[in-house]
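A.B. asks: Once you've had a glance at the structure underneath, I'll fire off some questions.
Derivation of every value follows stated rules applied to the coordinates shown; laboratory data play no part. Model, not experiment: these values are computed from the prediction. Note: ideal-geometry Cβ built from the backbone for every residue, glycine included; neighbour counts use all protein chains shown.
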Amino acid sequence: MSTSIDEDELEKIRMKKMMELQQKAAEEEERRRREQEKAAALRIILTPEARQRLANLRLVRPELVERLEEQLIRLAQAGRINLPISDEVLKEILIRLDSERRREIRIIRK
């Protein structure tokens, strides 16, 4: 009888593990789908040179690039920016973002 209980518990554990793996796979597939959609949108929004600049910048400041990409997509969907964004325009945007970030840093000495 204890063998039957052990097998039942083992089967429950297997089922739980299988469900966790399926959920992880579904989440990964959803993440991949969102990344593909974002990449497709950025191909429309940015020129190839501008996309390359963001790819290079992603190596150094991935969180900045992530926020910028999301913001550019929202602006493009709202029709608030001229498309496509060239590398020169992207440089200007990055300079503005960097100058805003630098203004936030304050050192107080006593």
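A.B. asks: I'd like the full set of residues that are among the aliphatic types (A, V, I, L, M), over 16 Å from the mean Cα position of the chain (by Cα) and part of a helix (DSSP H, G or I), limited to the stretch 64-90.
C.D. replies: Matches in the stretch 64-90: 75, 76, 78, 89, 90.
A.B. asks: Also, quick follow-up: Residues being surrounded by 11 or more Cβ atoms within 10 Å (Cβ to Cβ) and free of Cβ contacts under 8 Å to residues at least 24 places away in the same chain: count how many of those fall in the stretch 33-47.
C.D. replies: The qualifying residues number 3.
A.B. asks: OK, next. So which residues in the stretch 64-85 are more than 19 Å from residue 100 (Cβ to Cβ) and surrounded by 15 or more Cβ atoms within 10 Å (Cβ to Cβ), if there are any at all?
C.D. replies: Hits for the stretch 64-85 are 73, 76, 84.
A.B. asks: Let me ask another. Please work out if residue 24 is assigned to a helix (DSSP H, G or I), among the basic types (Lys, Arg) and under 28 Å from residue 93 (Cβ atoms).
C.D. replies: no
A.B. asks: Within the stretch 97-104, is even one residue of a type in the set (A, V, I, L, M) and outside any loop (DSSP other than H, G, I, E, B)?
C.D. replies: Within the stretch 97-104, one or more residues are of a type in the set (A, V, I, L, M) and outside any loop (DSSP other than H, G, I, E, B).
A.B. asks: Tell me yes or no: at least one residue of the stretch 55-63 is part of a helix (DSSP H, G or I), out of contact with any Lys or Arg (no Cβ under 6 Å at 6 or more places or on another chain) and surrounded by 12 or more Cβ atoms within 10 Å (Cβ to Cβ).
C.D. replies: yes
A.B. asks: Considering every residue within the stretch 4-26, establish whether at least one is exposed (fewer than 10 other Cβ atoms within 10 Å of the Cβ) and at negative phi.
C.D. replies: yes
A.B. asks: Before we move on, is residue 33 under 20 Å from the mean Cα position of the chain (by Cα) and part of a helix (DSSP H, G or I)?
C.D. replies: So residue 33 fits the description; yes.
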